[in-house]
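Remarks on the structure that follows.
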2 protein chains.
Amino acid sequence: MIVGNVTIRDVAARAGVSVATVSRVFNRKGPIRAATYTRVLAIAERMRYVPHAAARSLSTRSTSTVGVVLPELHGEFFSEVIRGIDVSARKRGLHLIVSGSHSDEAEMKAVLRAVRGRVDGLIVMSPDLDASTLLVDLPAGVPVVLLNATAGGRSSITIDNAGGARAVVRHLVALGHSRIAFICGPDNNCDAAERLRGYRSALRAAGPLVDEPLEFPGKFTEESGYEAAQGIVGTKPRPTAVFAANDAMAIGALSAFNSAGLRVPEDMALVGFDDIPIARFLSPSLTTVNVPIADLGRRGLALLLDPNQAREDARRSTLKTNLIVRQSSGRELRGGHR
Amino acid sequence: MIVGNVTIRDVAARAGVSVATVSRVFNRKGPIRAATYTRVLAIAERMRYVPHAAARSLSTRSTSTVGVVLPELHGEFFSEVIRGIDVSARKRGLHLIVSGSHSDEAEMKAVLRAVRGRVDGLIVMSPDLDASTLLVDLPAGVPVVLLNATAGGRSSITIDNAGGARAVVRHLVALGHSRIAFICGPDNNCDAAERLRGYRSALRAAGPLVDEPLEFPGKFTEESGYEAAQGIVGTKPRPTAVFAANDAMAIGALSAFNSAGLRVPEDMALVGFDDIPIARFLSPSLTTVNVPIADLGRRGLALLLDPNQAREDARRSTLKTNLIVRQSSGRELRGGHR
DNA sequence: CTCCGCGCTGTAAACGGTTACATTCGGCAT
DNA sequence: ATGCCGAATGTAACCGTTTACAGCGCGGAG
């Protein structure tokens, strides 16, 4: 027989007090005699009383949970974002409800609508889909913070994608490379677009000695990086350096270069973007752009909870990225035909 | 001005029906005239009515969310587990509340207690901490499924760790290796313990031509794999093969071997465990044991929701693992001193 | 001695849904 | 005409909290 769950009334009855008193004890609100306090607490403990979250939410109009909506859940990147949010959520006693794998827009909208009474706020990362149309029919009054996306009036945190990309190109150019290929991210992905923009502008800024942009399609997955790299291997004249728009594709490319018998970095320099945790453990270790991924999550949560959200200036912030030079970009090219 | 949220009563009033009718429309329950149905739905849509999740939960005694408790959230492995749960949760219209980073037991217990009225069930992965003591003061009546752990009477899904480990050792022995080192997982971690057990028993079974177990401590992290591998490099006589208890440590070891100038697999064969998605993209690609990670999550959820949970035989299941031979274990040793 | 104020506790009305039960209303058999 | 039945809908209790407000006892001021 399943023992029915103990309610606040049961505890009150057993302790010989009213439900209000028990509630006050649990919420440390209002004046309570010390003796009453400890007695109620002891009895509640003995009866294994645990407050019913839904009932409390209904009454207080506040769940203590925030929702996290990501394009997908797979891979080191998203895992880090979630972790960043999770650790700071726990510090504040908040719960996290996550949801990913939103291939299509309708599905995502359905999720967004189901939040009333479930979360106090939402952290949304939607680099692919246009955020402003998505959020249009979000229940009113739900605070939202966007990660790596912007939409009119919403708070957001973005990272300096273009700046990071420019740093990569400058690094490669400084090493003597002049034919630098780029493996793009998915179409419509705004991070990808910014990185591409940075790549192009830095190439242009590098002057006439450096070749035109040489771009290969990719989808931010290891597979797509692998395939793009195969295309690069067959390109004549072959580039001497490859800049992948994210680390996952760089990993795929590395694998393809190995299969093709090309050594990295001797025969081909390779740079990624994101600095996912395993980047430093690849062989060769991956030169990449560090983006403070966990920080992105952490600050997203902080912004969401910040009561000063109304202050316009604080609502948007951009996180700096910085180049991490490791082995895969190699040393200065010698005897180049420069 | 924030527009107050629309309640079911508002919709009922506007549509000229009772709240019961509106409720029935939304839940497709009870007989409703077609005309009423569409009219109410249209009005609700126009008013942007969304049912309040907490209120519904309170009334029906069922949230449609399940909780997922993991030891931590970082890395490809856990990310895959969550993804597996997430995709099948979405198919069933369920939400997911996750929580990780449970360094200590008290923290984890606190999380487990807070579930009343928040989730309908729990999927708990706790390879480090003893599950039975953890679950002792879980609110009564919350169904639980354990992943990679067992505790009296609880449903659980485990993977065949020992079998996978034995397959690895047999594979290496078949290739001609006789000095096979093992990088252990954390103490108290039951997956790690099982893998170690498999390693030892397979070595023993391999006969007298194969050396005694040679074990190095590790903690399932890339760093710890790196350090363990440094120790292995300095060991005399040096092993010819290394079996890391998980892929993350194998990645760390690979990095260390590269730094030390050892080629994998020519100078040192290397095998991991888990078959995380990037394993195939490492250079060399990693020989490892495939465990159906996403499946683990998927089946965990299925078991949790299975009304037949009472049937004793269905409550525990073990997932098969299987060896995936790639490049890192190399080809047969030639001219060994066998 | 009365009254006031304060500290502590109790009462009961929300919160926003669901649902058992009651009610209404045609239609149909008697 | 009467009664009955089932389909469609309404009424109101209930889910388990929080909290505004009321009440009560008691000590000190007047």
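FYI, it's all coordinate maths here, none of it is from the lab. What you see is a predicted model; the values in this text were computed from it and never measured. Don't worry about glycine lacking a Cβ; one is built from the backbone with ideal geometry, like all the others, and counts go over all protein chains shown.
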**Calculated [θ] (222 nm, deg cm²/dmol) that DSSP helices of n ≥ 4 give over chain A, each run adding -39,500 (n - 2.57)** = -12500 deg cm²/dmol
**Message:** Using Cα-Cα distances under 8 Å and only pairs 6 or more residues apart, what relative contact order does segment B:1-132 have, in percent?
**Reply:** 25 percent
**Request:** Over chain A, calculate the relative contact order: mean separation of alpha carbon pairs under 8 Å at least 6 apart, over the residue count, as a percent.
**Result:** 16 percent
**Fill in**
Label model pair residue A:105, residue A:263: point-to-point distance (7 angstrom along the Cα→beta-carbon line) in nm is 5.1 nm
**Request:** Pull up all non-local amide H partners of residue B:149: gap of 5 or more, or a different chain, and H-to-H distance under 5 Å with H placed in the peptide plane.
**Result:** B:157
**Item:** Beta bridges by DSSP in chain B, antiparallel share as percent, to the nearest 5
**Value:** 10 percent
**Complete:** Across the protein assembly as shown, qualifying lysine pairs (alpha carbons under 28 Å, at least 8 places apart or different chains) come out at 16
**Prompt:** So what's the net charge close to residue B:237: Lys and Arg +1, Asp and Glu -1, counting the other residues with Cβ under 13 Å from its Cβ?
**Reply:** +1
**Asked** Counting only other chains, what is the mean number of Cβ atoms within 10 angstrom of the Cβ of each residue in peptide A:112-120?
**Response** 5
**Complete:** Simple SL model, points at 7 angstrom along Cα→Cβ for residue B:28 and residue B:170; separation in nm is 4.9 nm
**Item:** 15 Å cut-off, amide nitrogen to a point 7 angstrom out along residue A:18 Cα→Cβ, residues in segment A:40-57
**Value:** none
**Message:** In Å, what Kirkwood hydrodynamic radius results for segment A:140-283 from the alpha-carbon pair distances?
**Reply:** 15.7 Å
**Message:** Taking 2.2 N^0.38 Å as the expected size of a compact globular protein, what ratio does the Cα radius of gyration of segment B:57-216 give against it, to two decimals?
**Reply:** 1.27
**Request:** Starting from the Cα coordinates of segment A:177-231, work out the convex hull volume and express it per residue in Å³.
**Result:** 72 Å³
**Prompt:** Over what distance in Å are the Cα centres of segment B:56-99 and segment B:138-152 separated?
**Reply:** 15 Å
**Fill in**
In Å, the C-alpha Rg and Dmax of segment B:1-100 are 18.3, 54
**Request:** Convert 4 °C to kelvin, take the viscosity as 1.567 mPa s, use the Kirkwood radius over C-alpha pairs of segment A:66-131 as Rh, and evaluate the Stokes-Einstein diffusion coefficient in µm²/s, rounded to a whole number.
**Result:** 105 µm²/s
**Prompt:** What average number of partner chain Cβ atoms lie no more than 10 Å from the Cβ of the residues making up A:155-163?
**Reply:** 0
**Asked** What does the protein assembly as shown give for Rg and for Dmax, in Å, if only its C-alpha atoms count?
**Response** 28.0, 91
**Asked** Cα extents of chain A along the three principal axes, largest first, in whole Å?
**Response** 91, 38, 35
**Message:** Suppose we keep just the DSSP beta bridges with both residues in the protein assembly as shown; what percent of those would be antiparallel, to 5?
**Reply:** 10 percent
**Request:** Would you kindly compute the Cα radius of gyration of segment B:33-90 and its largest Cα-Cα separation (Dmax), both in Å?
**Result:** 18.3, 53
**Complete:** Across the alpha-carbon set of segment A:205-338, Rg over Rh with Rh taken as the Kirkwood radius works out to 1.09
**Selection from A:265, A:51, A:233, by position along the positive dipole direction of chain A (Cβ)** = A:51
**Prompt:** So, in Å, what gap is there between the alpha-carbon centers of segment A:186-231 and segment A:287-306?
**Reply:** 24 Å
**Averaged over A:46-52, number of beta-carbon atoms from partner chains that fall within 10 Å** = 4
**Request:** Return a whole-number percent for the relative contact order of segment A:14-92, with Cα pairs under 8 Å and 6 or more residues apart as the contact set.
**Result:** 16 percent
